[in-house]
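I have placed the structure first, in the form of structure tokens, so that the comments after it can refer back to it.
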Amino acid sequence: MNSTDNIFFIFLSGTLFITIFVSALILFLIQYKRKQVKFYTEKLEIQHRYDTQLLQTKLEVQEQSFKYFSEEIHDNAGQLLSSVKYQLYNIKDESHEENTIQRVTEATELLGRAINDLRNISHTLNNSFVAKAGIAEAIEKELTYIHSAKNLEAKLHVSGEIYNLGNERELLVFRIIQEAIANALKHAKPTAIDVYLDYGSAMFAVNIHDNGIGFNRNENKSDGIGLDNMNMRADMLKGRLTINSLLERGTTIRLEVDNVKKQQL
């Protein structure tokens, strides 16, 4: 073997070695990258399961609190006020002074309104009532109370053929609507609130619109607990929550849930 052949053999061997080394390095990097991606994916899944369980626990605690307050209102405050109303009736029947009768009558009417408002609050706080009555009736009670207590227009609009979303899903939707209305009453100073339920074949949608002062979300450093709660519940529904607001033009909160008849929580 002459020197030229030696050089060629060394070059060929070196090239082959480098090729094998580079190929092995590439395979090693690919496997390493796959393991990284797998580890990261598993980490995200674990975090997602943890967040979901934490969210479910938080919502369950909230619902237990709502149920407790509902029962307290019904069993204690409601019955106490009913007893006071009964006593007022007795005073009215026993009195012979026209002025006293008139004042007792007015007090009895106001007390009756307070009892009805408390009853509506008790019902809409109780998840059993929402499950039994359905979203539409529960919202009607909520809006009736708001109209009575806050003296503003509050209307429900329903389009499409009403169908049941499932107890858990209906409760989540109702709580989102409740939270949206509470936020509007607290911050927006509206004179009217409208709730729209759209029962589509492929998508269920809710719009909650108020004609209040609106706000600029770009200037808000934090959406607040109320919007956080709505977003958490929307995530549980696998839905989309959007908020559109214009200063002095009001706010519309929209919830969309796809394939509601097929989904299961």
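The values are calculated or read from the model by the stated rules, or taken from the named source; none is laboratory data. Computed from a predicted structure; not experimentally measured. All Cβ positions, glycine included, derive from the backbone under ideal geometry; neighbour counts span all protein chains shown.
Annotations for the structure displayed:
- When we screen Arg233, Arg217, Arg240 for residues that are at pLDDT below 90, surrounded by fewer than 18 Cβ atoms within 10 Å (Cβ to Cβ) and among the basic types (Lys, Arg), the only hit is Arg217.
- Tabulated pairs, segment 95-113, first closer than 16 Å to Ser148 by Cβ, second surrounded by 14 or more Cβ atoms within 10 Å (Cβ to Cβ) and modelled with pLDDT under 75, C-beta under 6 angstrom, 6+ apart or interchain: Leu111/Lys85
- Tally, over segment 97-124, of residues that are surrounded by 13 or more Cβ atoms within 10 Å (Cβ to Cβ) and charged (D, E, K, R): 3
Residue-by-condition table, conditions (1) under 18 Å from Ala234 (Cβ atoms); (2) charged (D, E, K, R); (3) surrounded by fewer than 14 Cβ atoms within 10 Å (Cβ to Cβ):
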position	(1), (2), (3)
Gly160	no, no, yes
Val173	yes, no, no
Ile176	yes, no, no
Asn183	yes, no, no
Lys186	no, yes, yes
Lys189	no, yes, yes
Asp198	yes, yes, no
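- Of the listed requirements (1) closer than 30 Å to Leu118 by Cα; (2) at pLDDT 65 or above, Thr57 misses just one: (2).
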